[in-house]
Amino acid sequence: MTHIRSLFAYPAGRPTSPAPFTRLAALALLLLAMIALPVRPAFAVATTELVIERAVTEFGAAMPGSGQFDVRLAEDLPQDGEFISDFWIDKKSGQFIANLITSKGDTKRIWGVAVLTVPIPVPTRRMLPDEIIGEMDIKIIKMPWQRVNAYAVLTADELIGKQVRRMLNQGRPVQLQSVIPPIVIKRGQKVTIQYYQGPLYLTAEGKAIADAYLGQEVRVVNLASRMTIVGIALGDGKVEAGY
């Protein structure tokens, strides 16, 4: 009886090659290896971050340096995606509509509100005229940019040490014209007029005609000559005569 293995033997002198089942096994292993390769996930970003990027671009140079966007999405919308292909925003209300491209390549319509806010110093209490503003008298809050007018004070440094000119309301932005540098010379106050000219130094008694803050020009009457002169308020009841 012919041996079974001889049926699968190649004729003498013929190059040998893998058996059919060997080739199939190799192909199967290759397919399994390809399936096992990790699939690189799409780069997804939070939807709110994508909205902020587009909102900043839309505002451009009109956006204040300290401004930030607070984004609120409508309910049941994708929370992340790859990028936004189209974007529309109403700069006054902050309402926006956009087309979001998801990590799967789908286009989803999203909408919501992106409110531009800025940090603003506001009084912690009601302050009356002539009070001096200290660090404890103010705090920083975020306020919608649309509620902040062009004359509002934007930094705490512009308030600390200033004197209240008009009553300040608690929690409300402070207008530039509502504060002034501290008054060092009051109207009707007796002052010492100082005059320097090289080694020459003269003084005279005078009376201020108006209030003045440090370094401000002020008109005073020389009580000896009854002449009105203009000087610079130095503080401590002293005025440096200019002419």
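The values are calculated or read from the model by the stated rules, or taken from the named source; none is laboratory data. The structure displayed is predicted, hence computed values, not measured ones. Every residue, glycine as well, gets a Cβ built from its backbone with ideal geometry; the counts of neighbours run over all protein chains shown.
Tabulated data for the structure shown
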item	result
Given (1) surrounded by 12 or more Cβ atoms within 10 Å (Cβ to Cβ); (2) outside any loop (DSSP other than H, G, I, E, B), index of the condition THR57 fails	(1)
Residues of region 190-206 classified as surrounded by fewer than 16 Cβ atoms within 10 Å (Cβ to Cβ) and either in the same structural domain as ASP130 (by TED's automatic domain parsing) or within 27 Å of ASP130 (Cα to Cα) (or both), total	3
Some residue of region 98-113 being of a type in the set (S, T, N, Q), at pLDDT 95 or above and in contact with an Asp or Glu (Cβ under 6 Å, 6 or more places away or on another chain)	yes
Residues satisfying the stated conditions in region 224-243, i.e. in contact (Cβ under 8 Å) with a residue 24 or more places away in the chain, surrounded by fewer than 16 Cβ atoms within 10 Å (Cβ to Cβ) and out of contact with any Leu (no Cβ under 8 Å at 6 or more places or on another chain)	ASP236, GLY237, GLY242
Entirely in region 73-137, the strands (runs of 3 or more DSSP E) that have 1 or more residues that are within 23 Å of the chain's Cα centre (by Cα) and hydroxyl-bearing (Ser, Thr, Tyr)	107-123
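Residue by residue, here is whether (1) modelled with pLDDT under 95; (2) more than 27 Å from GLU240 (Cβ to Cβ) holds:
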site	(1), (2)
ARG125	no, yes
ILE138	no, yes
TRP145	yes, yes
VAL148	yes, yes
TYR151	yes, yes
GLN170	no, yes
ILE183	yes, no
LYS186	yes, no
THR192	yes, no
